[in-house]
1. Throw me the Rg/Rh for segment C:84-156, computed over C-alpha atoms with Kirkwood Rh, two decimals.
2. Can you give the % of DSSP beta bridges in segment D:1-145 that are antiparallel, to the nearest 5?
3. So what is the relative contact order for segment B:150-312, in percent, with contacts set as C-alpha pairs under 8 Å and at least six apart?
4. Give the lysines reachable from residue C:201 as a straight Cα distance under 26 Å; neighbours fewer than 8 places away on the same chain don't count.
5. Show the residues, 5+ positions off or on another chain, whose built amide H is closer than 5 Å to the amide H of residue C:27.
6. Based on a Kirkwood Rh over C-alpha pairs, give the Stokes-Einstein translational diffusion coefficient of segment C:2-125 at 37 °C and viscosity 0.692 mPa s in µm²/s.
7. Counting Lys and Arg as +1 and Asp and Glu as -1, what is the net charge of the other residues whose Cβ lies under 13 Å from the Cβ of residue B:175?
8. Can you give the charge dipole size of segment C:275-344 about its Cα centre, rounded to the nearest 20 debye, using +1 on the beta carbon of Lys and Arg and -1 on the beta carbon of Asp and Glu?
There are 4 protein chains.
Amino acid sequence: MIDVGIVGGTGYTGMELLRLVSRHPQLRLAEITSRGESGTRVDELFPALEGEVDLAFTEPDVGRLSRCDAVFFATPNGIAMGMAPALLEAGCRVIDLGADFRLRDPALWQEWYGMEHACPGLLEEAAYGLPEAHREAVLSARLVANPGCYPTAVGLGLLPLVTSDRLKSGPVIADCKTGVSGAGRAAKVATLFCEADESLKAYGASGHRHLPEIEQTLRTLRGEPVETVFVPHLVPMIRGMQATLHVAARGSAEEIRALYQERYAAEPFVEVVPAGAHPETRWVRGTNGCRIGVHQPPGVADQVVVLAVIDNLTKGAAGQAVQNLNVMFGLEEGAGLREVATLP
Amino acid sequence: MIDVGIVGGTGYTGMELLRLVSRHPQLRLAEITSRGESGTRVDELFPALEGEVDLAFTEPDVGRLSRCDAVFFATPNGIAMGMAPALLEAGCRVIDLGADFRLRDPALWQEWYGMEHACPGLLEEAAYGLPEAHREAVLSARLVANPGCYPTAVGLGLLPLVTSDRLKSGPVIADCKTGVSGAGRAAKVATLFCEADESLKAYGASGHRHLPEIEQTLRTLRGEPVETVFVPHLVPMIRGMQATLHVAARGSAEEIRALYQERYAAEPFVEVVPAGAHPETRWVRGTNGCRIGVHQPPGVADQVVVLAVIDNLTKGAAGQAVQNLNVMFGLEEGAGLREVATLP
Amino acid sequence: MIDVGIVGGTGYTGMELLRLVSRHPQLRLAEITSRGESGTRVDELFPALEGEVDLAFTEPDVGRLSRCDAVFFATPNGIAMGMAPALLEAGCRVIDLGADFRLRDPALWQEWYGMEHACPGLLEEAAYGLPEAHREAVLSARLVANPGCYPTAVGLGLLPLVTSDRLKSGPVIADCKTGVSGAGRAAKVATLFCEADESLKAYGASGHRHLPEIEQTLRTLRGEPVETVFVPHLVPMIRGMQATLHVAARGSAEEIRALYQERYAAEPFVEVVPAGAHPETRWVRGTNGCRIGVHQPPGVADQVVVLAVIDNLTKGAAGQAVQNLNVMFGLEEGAGLREVATLP
Amino acid sequence: MIDVGIVGGTGYTGMELLRLVSRHPQLRLAEITSRGESGTRVDELFPALEGEVDLAFTEPDVGRLSRCDAVFFATPNGIAMGMAPALLEAGCRVIDLGADFRLRDPALWQEWYGMEHACPGLLEEAAYGLPEAHREAVLSARLVANPGCYPTAVGLGLLPLVTSDRLKSGPVIADCKTGVSGAGRAAKVATLFCEADESLKAYGASGHRHLPEIEQTLRTLRGEPVETVFVPHLVPMIRGMQATLHVAARGSAEEIRALYQERYAAEPFVEVVPAGAHPETRWVRGTNGCRIGVHQPPGVADQVVVLAVIDNLTKGAAGQAVQNLNVMFGLEEGAGLREVATLP
């Protein structure tokens, strides 16, 4: 068994980690921390986990955590970079579900996150944990930066195109939609039921922290910058994310769909839906899957619409983190991630 | 008082017409028809209207309807074109909330709607009832084609740009989102609560009937074709629609926002939100309003994001129909349309 | 015009007051206060009110407020009792939407609200503003205690029975359900979208502040105590409240329905639905109405089920407050309260 | 491996069976039928099951089905009774998720279901599959009548009380709430998103088919009739059911909670929540669990409130069916039913 720790277990990505780790046949949850809930039993705070998790939250402590084989950080930005160096030193592997190690450039990180980076020297080492793009790097990593939810959906939705010669110049439009859980479990008026239900809005249209991460992902894949317009929207549902990608590309929908099918043929979690189909976010609810549809808008030449859906908390956060751990520890990549979506 | 009739009063646009007409100070509902519910009292089918509407549904009958001053068609496509000629002959004014008179070209209509047009001779005469664009035509019209919900949101969201020299070449991307009421009140599995709730999907990405209408609207405004990519999405909320418009345009967000503010300064129902603000669909819930935000995506030159929200059943259907009637009959344009959104 | 002030205009009952007052033909909003948002324009905080309210929030100040003819308190419990005496002194009429003046007995108030009452001498004078039960008292009142949402639904649902000899002994069961807006606009984890959506729970089953208010209401109406079991439930919808009342009573459903119809025949806002019908909360969404259904459970003698629905923010709070003001100032009782429910 | 067949695999209970069977380590789905979708691949109709189920729907055929070890009927009422005799004859075990074998009395069945029973001789033999009450009978049964969702929630919520001497005379009030999936996947206006969302209503208050089943369950457990008032409500959520049970009973909440804890101590799926806690339906979302809370209403002697939550599609239908199969075949009772609720 692999002993894992979770730092910051009371938010939504922490809860999702708890669910996935508790069912994973090769993982044992050894430690779960929370500054605010230290001493509280996990199943007291989350009664749905009664019988599944027999632990209490503890104060985050590097000494105790360093006894784990791997530590997940499901914390606000800025926490992981403070603790990761000591854990790595102690031989732990670290997977950060926050943003601390996602951007290679510490200046860019500081610009978007408003803090000086605490360990810029680790940025180069950290593997960017989108296994479909960087599996080899994850395999040998001590430290994995788990991608943001939007960068995951956009990255998977564009990967085959940006690594091909079918992509034409011109900005890629990433019109994205997320369920409310993406905003986290902190008490805020804007995500109250009565504010978020029965309404839709864009946000961050003039700039959002996931934009530099998306740009870095696409630039890395293509080898040159890819101009990107990124507009996220908040949708009245708990989970689910769709990236609707409007891209100038050479070829018919059939050709481009074939490109995607070929690229993802061996991927356990990514699937291209048949011609004419539109993936629905509920198809991957609670699962680590990504479904991708490719459409050609009528009457507009050399333009394609790619639809990519994921569950923002699973493939967009905790599921991908477990997938990365599976890769890092040489486990079967789908271990503990065989959920079937609960429908309806 | 102006006597109005509603043909097809049992769908969602019919219900919304009932609500608006029942509160309009200068309208009297004289006739409401339904093939399926003929003989049923309106407040028996819709108990929320108890005390508001003292009528029963009747079989649609041109003789009875022609006693009205104006007749709204809230019917499936293909009904209005069968009855409108006789009503116009009898001196009625007709406002069709369906698609029968929206496309000028009968061949295009037949291509998208799968029926031969019953009175192609009226297509030229019909005014396209987007008052912000075609008020003069509506003013003198006997027959008004009430725009579709998506064409209304996209049309209002692009009107100032497509009529200016700031628009650059390249396709306009209209990434649109609608509440479920846009799919109507017919019993279908796809719009059951358990299918539509807690999920999001695109639909019609390879072709949707509102596309030729949007293209016609933009071509009419600009005087030349405007290439358009149109992808609608279904969102788990009852009402509300947003068009997120990605457009290549010259100028800063400030300049383009100023262009919008100037164009809409005198419009009673359209409002441009301040810099940095993102309109929410709930702000116009149940009202005839349209709110528009203009954003500039960081790092991409000559590209703008326009966010336009409406209530798909009000400004996107019944409210705009009443607005058109107000214009046609010389009433104050906002008469009967002074709803304040019910929040939360 | 009657000048009104609203103290505490940023919560959900305050927002509903804003909507109703802005449309009321005889009211002018003269002052609206908020400690937290003092200086902010109302339409900046609530963009849906753009064009409807041309005021900024101010610090609550008795001097300024006392220039109003009437002042609504839409504040947390304990605020109104601090300011009401001075306002009454200055000649203002006061309607408290909070709980400060609802319980006659200051000891009971202190027991349930955990504060000593600041002006117990006013408790006797305050009229309990359920006009259907106490219209005369409201008519001549300087100070009205606007009932809680649950006590309104339960009170209207039981009024005809508890004032008749058909009620049998034994506890009345009030199994109640509310939308989430009843919990207010304060940022709390429990009412986040992701906590409250797609779930149902009872709360306060071992004791809830509205219980003593319900007991007082029923005792006042009957002239003797009525044992009451009160269990509220939280339902994933924004607005709406139902009281399902299980009562031992003599007579058939028809007889009891007739009793209700007779009692409420002259009431403008209460309506008894036909035999066999089940009222739905959406029928009164955004309106001041109350709909009541009476059913007889098969196979159980002398037992009746009464279903009473209201909108918790309208008839359950702000609408009833405006109704009380109408009564107090001799206006037509339905003035400003003629909303038709927005359906779907 | 045990080969199972599902008759009627396209409704919501059929979908839930598909999910559970596909994950059950000892079950192999051998046959799945649908009259309407015969020939369609399961994962074409339900894309979320892509990669999980490699079968197409077939026409229901006794010959093919009889090769299964066990057959689930997830069909409308009246289908199972037509096919069960032949399947039993062929040596299959049968679990009917419909109502055909739930009522012992064929006259009562005909009264409530409007059909003559096709094989009344099997009614006596059929085990009523509430394992917590009738495990022994299920163990040896060829034919199991899987309980209705409401009878499951009410039965589990009352079992310890009705089998004890703490229950007092007087009607038991079962005020129940269900998510919309209980109404099935048939296309009906009443369960459209726009009709069911943002509203709550009671239904069947004057008589519902689950009432005689509840009465039979309680009578069987107690040995004498238990007068029952049953009022179901429709709640805007997909899954989830709560029975709020108002019962006259001797003893404090502590004593009655202890009674429940003792009775359910060895039950794998039923759990009593701590004093003061209110179970939430989401705690058991997608799981076979039942959570029960016991409260004492203040000021009313000898009265208790029991709150029982289940997932109507899992413990209320397909999960319980799998649990029954596990019992019938001597498998570990929790096999294939170890889901952790997906929260949020």
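Just so you know, all these numbers are worked out from the coordinates, no wet-lab data involved. Keep in mind it's a predicted model, so treat the numbers as computed, not measured. Heads up, the Cβs are rebuilt from the backbone with ideal geometry, glycines too, and the neighbour counts pull from every protein chain shown.
1. Rg/Rh: 0.96.
2. Here the share of antiparallel DSSP bridges comes out near 5 percent.
3. Reported as a whole number, the value is 31 percent.
4. A:188, C:177, C:188, C:315, D:177, D:201, D:315
5. C:2
6. 221
7. Its environment carries a net charge of +1.
8. 160
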